[in-house]
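Where a number appears in this text, it was derived from the coordinates with a stated rule and is not lab data. Treat the numbers as computed from the prediction; the structure is a model and nothing was measured. Because the Cβ atoms are built from the backbone with ideal geometry, glycine has one as well, and the counts that use them run over all protein chains shown.
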């Protein structure tokens with residue numbers, strides 16, 4: 001049971017950081033705009049704009065292939081740094097801060113950002129305390145025999161759910177219902 005929980009936490013953590021890195025690569029202007037809204041200074045902003053997605057991708061890849069615990073430790077350190085940046089920006093700019101973490105830049109309440117970081121930190125803690133030393137890709141195996149149909153249906157359901165969420169976001173963004 002504990003192994004399964006640690007595996008699910010590691011997969012979730014890797015997916016969270018991979019998604020964040022990919023979103024910053026897809027919408028770099030939004031990400032750079034969010035970084036500039038944190039008041040880090042003109043010298044630090046270009047470095048942070050590049051370094052954060054690179055390190056987020058490193059977290060995901062480390063969890064997958066390098067070692068789940070090592071990736072979780074790096075994730076926990078990053079989440080602590082992100083949280084410190086949020087608290088600093090909040091003291092300078094108020095409760096509503098720019099956020100480009102998972103896609104296009106938006107403005108969010110700082111408490112929402114800290115809560116999201118705490119959830120990620122909880123996942124990292126589970127992996128650190130109960131996770132495998134190896135990467136999760138080494139623990140996974142391809143489905144076979146009677147597992148093939150449920151695996152295929154799960155993949156199909158995931159694709160359909162993603163498509164539905166994408167369509168819902170597109171409809172919401174265009175003002176249609």
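A few points about this structure:
- Between 0 and 90°, nearest 10: helix 110-130 axis offset from the chain longest Cα axis: 30 degrees
- The chain: most fluctuating residue of 47, 38, 82 per GNM, C-alpha cutoff 10 Å: 47
- Applying 0.36 nm per residue to the separation of residue 45 and residue 144 and subtracting their alpha-carbon distance, the gain on full extension is 30.8 nm.
- Axis angle, to the nearest 10 degrees, between helix 148-174 and the longest C-alpha principal axis of the chain: 20 degrees.
- In degrees, nearest ten, helix 44-61 long axis to first principal axis of the chain (Cα): 10 degrees
- Choice from 166, 31, 65 showing the highest fluctuation, given a GNM over the chain with Cα pairs closer than 10 Å: 166
- Taking other Cβ atoms within 10 Å as a rough exposure proxy, 109, 3 sort from fewest to most as 3, 109.
- Dividing the mean sequence gap of close Cα pairs (under 8 Å, 6+ apart) by how many residues the chain holds gives a relative contact order of 31 percent.
- Placing a pseudo-label 7 Å from each Cα along the Cα-to-Cβ vector at residue 102 and residue 55 gives an inter-label distance of 2.1 nm.
- Taking 68, 21, 142 in turn, the Gaussian network model of the chain (Cα-Cα springs below 10 Å) assigns the largest fluctuation to 142.
- For the range 34-90 versus the range 102-117, the gap between their alpha-carbon centres in whole angstrom: 14 Å
- Fewest-first sequence of 101, 155 by Cβ atoms within 10 Å of each Cβ: 155, 101
- Cα shape, the chain, gyration tensor, a/c 1.5 rule: oblate
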